[in-house]
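What follows is one structure encoded as structure tokens, with my remarks underneath.
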Amino acid sequence: MPEPPICEILKLDQRKLPAEVFEHVSKRAGLLKQREENARKAWESFGKPGRDPVTMGSLFNILAQNGAWIPHLKMAQMRNHWDKVVGDANALHSYPVSLRDGVLTIRCDSPAWTTTLSYMVPELTDTIRKNLEGLTINEVKVTGPQQQGFSRGHISKKIRY
């Protein structure tokens with residue numbers, strides 16, 4: 001005895017079967033038609049107001065402002081152009097360490113350079129405020145070289161006689 005058709009075995013309605021089988025094909029055709037329509041509309045509106053190209057720099061500015069990155073970017077800019085803030089000679093012997101709660105910390109190579117930059121603090125503050133708008137500096141702290149000692153793990157050797 002021949003087997004019954006698959007439609008009867010699976011209890012499928014033969015009238016709906018072609019629609020179910022080709023449903024994904026018809027959906028894809030609809031998507032392709034929609035893409036063509038969108039491409040046509042984009043081509044027609046090309047060059048009209050609101051469709052002007054945007055530079056990458058302006059996009060990065062928007063991201064920086066929305067993400068509160070401006071102080072970090074300004075601090076990096078100050079580090080990169082430190083010689084323009086303090087002068088070439090001073091830049092060789094000092095660098096900005098951090099900016100926290102409006103306090104800019106500058107570290108120097110020696111106590112002599114610390115003294116030199118300490119006298120320049122009002123001038124530095126004005127220069128930074130003029131050139132780096134958006135960077136809030138309430139105080140400038142100039143420090144000397146890090147002390148070598150027990151706090152950094154250095155242990156002095158004892159000499160035995």
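Tell me the carbon and sulfur percent of the accessible area for the chain, rounded to whole percent, probe radius 1.4 Å.
For the chain, the apolar C and S fraction of the accessible surface comes to 57 percent.
Work from the charge dipole of the chain (Cβ charges, +1 for Lys and Arg, -1 for Asp and Glu, about the Cα centre) and give the residue of Thr143, Leu12, Ser26 farthest towards its positive end.
Thr143
P(r) for segment 24-116, please, calculated from all Cα pair distances in 5 Å bins and given in %.
Per 5 Å bin, starting at zero, the Cα-Cα P(r) for segment 24-116 comes out as 2, 10, 12, 11, 10, 8, 7, 7, 6, 5, 6, 6, 5, 3, 2, 1, 0 percent.
Counting Lys and Arg as +1 and Asp and Glu as -1, what is the net charge of the other residues whose Cβ lies under 13 Å from the Cβ of Thr136?
0
Contour minus end-to-end for Glu139 and Glu123, with contour as 0.36 nm per residue of separation and end-to-end as the Cα-Cα distance?
Here the answer is 4.5 nm.
Return the calculated 222 nm mean residue ellipticity for the chain, to the nearest 500 deg cm²/dmol, obtained by summing -39500 (n - 2.57) across DSSP H runs with n ≥ 4 and dividing by the residue count.
That comes out to -14500 deg cm²/dmol.
With an 8 Å Cα cut-off and a minimum separation of 6 or more residues, compute the relative contact order for the chain in percent.
16 percent
Rounded to two decimals, what is the ratio between the C-alpha radius of gyration of the chain and 2.2 N^0.38 Å?
That works out to 2.30 for the chain.
In Å², what does the accessible area per residue of segment 1-141 work out to with a 1.4 Å probe?
79 Å²
The values are calculated or read from the model by the stated rules, or taken from the named source; none is laboratory data. Small disclaimer: the values here were computed from a predicted structure and weren't measured. No Cβ is skipped: glycine too gets one built from the backbone with ideal geometry, and neighbour counts run over all protein chains shown. For the accessible areas, the whole protein counts, side chains as well, though only heavy atoms, and no ligand, DNA or RNA atoms are used. Shrake-Rupley method; radii C 1.70, N 1.55, O 1.52, S 1.80 Å.
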